[in-house]
Amino acid sequence: MSLTPSRGCLLDLPWEDILVPHILCHLPLQQLLGLQRVSKAFQALVQLYLANMRCFDSGQIGSAVPRAAFLNLLKDNKVLQQLALQNCSDWLTDRELLPVIMQNHHLHHIQLKGCAQLSCHALMVISLNCPNLRRLSLAHCEWVDSLSLRSLADHCKALEAVDLTACRQLKDEAICYLVQKCSRLKSLSLAVNANVGDVAVEETAKCCPELEHLDLTGCLRVKNDSIRVLAEYCPKLRSLKVKHCHNVAESSLSVLRNRGVELDVEPLPQTALVLLQDMAGFAPFINLQI
């Protein structure tokens, strides 16, 4: 009898109990895809991992994910919880996205930033198939309209974070409907939308007492009155972005600033403020953004 210990193989370990949940999950997706080329056994192992993967981030693969690779990676997965597809924006359409959404009903985090070739139908399918959705980024998705946003609000009431940056079809009415239905919101971006004004901001403040982060960058119609309402109704607010909101002045921001809220604009230096008071006498009403 030989006393030499036998050398085990990685593939001898239980795949579903050990390799998939405790080893492969710690490897970057790019390396896993390369591992498929080692042998047919490794290819089968990686396919098993992909079918049980909880999080897919296209950024882990590279600067641009090929369409064919995306379709192959997720064709068997029905347990996704997080889906980030910002690196698929050059080619991603409803045709590629909707099958993934319709077979993954446990998604709670979806990132579609810059996916400009999708349609409002994609958002409706998301709302109907992802009842547990908590975080959604639609930044720079100008196809988002009021009807699809209403569908989202009606079916995804557990939402905590929504990024609607540069969704320029949306007006105050659509934002009001969203915040009325999704009162658990903690983070909301309405940036780069000239249609958003005081009505939407005030309704957000009154409906979302848990709000912590609000981005109003470039919302030219937002004025001091809504910022004061925000300060009154949102005691948990931690950050507010109002850069390029030319109708928002330090007179409304000072309450939030004194409360420790992080702001992206600086107050006018005290010496300049005194000079303005001497010259005009209405410094508290001047836009003091720098």
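Quick notes on this one:
- Some residue of the stretch 209-231 being of a type in the set (Lys, Arg), surrounded by fewer than 17 Cβ atoms within 10 Å (Cβ to Cβ) and part of a loop (DSSP other than H, G, I, E, B): no
- For the stretch 232-258, the set of residues classified as farther than 19 Å from residue 188 by Cα, open to solvent by less than 100 Å² (accessible area, probe 1.4 Å) and either not assigned by the TED database to the domain that holds residue 194 or not in a loop (DSSP other than H, G, I, E, B) (or both) consists of 250, 251, 252, 254, 255, 257, listed by residue number.
- Under the condition of being open to solvent by 40 Å² or more (accessible area, probe 1.4 Å) and either outside any helix (DSSP H, G or I) or closer than 15 Å to residue 60 by Cα (or both), the residues counted in the stretch 16-34 number 6.
- Any hit, the stretch 113-131, residues being over 24 Å from residue 69 (Cα atoms), open to solvent by 40 Å² or more (accessible area, probe 1.4 Å) and in contact with a Lys or Arg (Cβ under 7 Å, 6 or more places away or on another chain): no
- Looking only at the stretch 149-173, and only at residues there that are open to solvent by less than 40 Å² (accessible area, probe 1.4 Å) and in contact with a Lys or Arg (Cβ under 7 Å, 6 or more places away or on another chain), the one that is nearest to residue 191 (Cα to Cα): 161
The values are calculated or read from the model by the stated rules, or taken from the named source; none is laboratory data. Bear in mind the structure is a predicted one, so any value in this text is a computation, not a measurement. Methodologically, a virtual Cβ is constructed for each residue, glycine included, from the backbone with ideal geometry; neighbour enumeration extends over all protein chains shown. Surface accessibility is based on the protein's heavy atoms, side chains included, excluding ligands, DNA and RNA. Shrake-Rupley method; radii C 1.70, N 1.55, O 1.52, S 1.80 Å.
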